[in-house]
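Asks: Please find one structure pasted underneath; my questions will follow.
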Amino acid sequence: MKKIIRSSMVCSVLSSIFLTACAPLPGHGVLKPDVLAIGEDESILVIGVTQPYYAVNFKTIDYRGPKNTPANQWLIGTPVDGYVVGHVASGITMESTTVRRTLNSEKGLMGKIYESCGGGDKAVFNVPKGKVLYLGDFDFSPSEEQNASSNSWLRLHFNYKDNIAAATAYLKKNYPNLADRLEKADVQIIKASNTCPKPTTQMFIMVPTKK
């Protein structure tokens, strides 16, 4: 008798679907509402996100995978009332990498993945020490217009604007001790030159079971 090992049980390097399943879930690095101060050698990021059903991913440009990169050098979060607020290490350069639909999407958990690659949009910025930084507001609707099947990798495109007044009002309501310290980050919006991942298909591993 053979047993099917599904992605919830085994992560396989043979499929990017499994790699995504093994990656940290949204909520990595997200700031708790009761935080009163900035930690030593870190800064806080405030990111406006138009779509409530996307998990956004920002990483150090030196990212080498979750096992080989310090945990405070990347941030994954879904917006709460339009914002992702997280804490990351200072002294690093970060970039937007991917967005992906989440469980609260009307189109399901395993939604499309959009990556900053192949001429898509990318946000790049430095993280100084002890700051509360507003990165801007990101609207991913240009990526939504692309026609592809679920679980496909697509180039990330977004509209970008500055509304620091709204971000300040959000902090005053949810993180009042940080609101007066909010300042605009120096964010560069560029076209990504890295190659996009090749399409892959989901695979199941057949493992014989003992009688």
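Asks: Taking the stretch 165-200, which residues are in contact with a Gly (Cβ under 6 Å, 6 or more places away or on another chain) and either aromatic (F, W, Y) or farther than 25 Å from I61 by Cβ (or both)?
Replies: none
Asks: Here's a follow-up. Quick check on the stretch 27-52: of everything there that is crowded, with 18+ Cβ neighbours inside 10 Å and assigned to a loop (DSSP other than H, G, I, E, B), which residue is modelled with the lowest pLDDT?
Replies: I38
Asks: Which ones in the stretch 172-187 are touching a strand residue (DSSP E or B) at 6+ places or on another chain (Cβ under 6 Å) and outside any loop (DSSP other than H, G, I, E, B)?
Replies: R181, L182, K184, V187
Asks: Residues of the stretch 61-72 being touching a Phe, Trp or Tyr at 6+ places or on another chain (Cβ under 7 Å) and either hydrophobic (A, V, I, L, M, F, W, C) or closer than 18 Å to V46 by Cβ (or both), which ones?
Replies: none
Asks: Search the stretch 54-67 for residues that are assigned to a loop (DSSP other than H, G, I, E, B) and pair each with any residue that is at pLDDT 95 or above and of a type in the set (S, T, N, Q) when their beta-carbon atoms are under 6 Å apart and the residues are at least 6 apart or on different chains.
Replies: I61/T93
Asks: S193 passes all but one of (1) loosely packed, with under 14 Cβ neighbours inside 10 Å; (2) at pLDDT 95 or above; (3) out of contact with any Phe, Trp or Tyr (no Cβ under 8 Å at 6 or more places or on another chain); (4) under 18 Å from E95 (Cα atoms); which number fails?
Replies: Here S193 clears every test but (2).
Asks: I want to confirm something. Restricting to the stretch 82-102 and keeping residues that are in contact with a Pro (Cβ under 9 Å, 6 or more places away or on another chain) and either of a type in the set (S, T, Y) or not in a strand (DSSP E or B) (or both), which single residue is modelled with the lowest pLDDT?
Replies: My answer is T102.
Asks: Filtering the stretch 156-168 down to residues that are within 23 Å of the chain's Cα centre (by Cα), of a type outside the set (S, T, N, Q) and not in a loop (DSSP other than H, G, I, E, B), which residue is surrounded by the fewest Cβ atoms within 10 Å (Cβ to Cβ)?
Replies: That would be K161.
Asks: Among the residues of the stretch 52-68, what is the count of those that are among the aromatic types (F, W, Y) and under 8 Å from the mean Cα position of the chain (by Cα)?
Replies: Counting residues in the stretch 52-68 that are among the aromatic types (F, W, Y) and under 8 Å from the mean Cα position of the chain (by Cα) gives 1.
Asks: When you check F158 against the structure, is it under 21 Å from Y54 (Cα atoms) and modelled with pLDDT of 95 or more, yes or no?
Replies: No, not satisfied.
The values are calculated or read from the model by the stated rules, or taken from the named source; none is laboratory data. In this text the structure is predicted, and so the values were computed from the model without any measurement. FYI the Cβ positions are ideal-geometry reconstructions off the backbone, even for glycines, and counts take in every protein chain you see.
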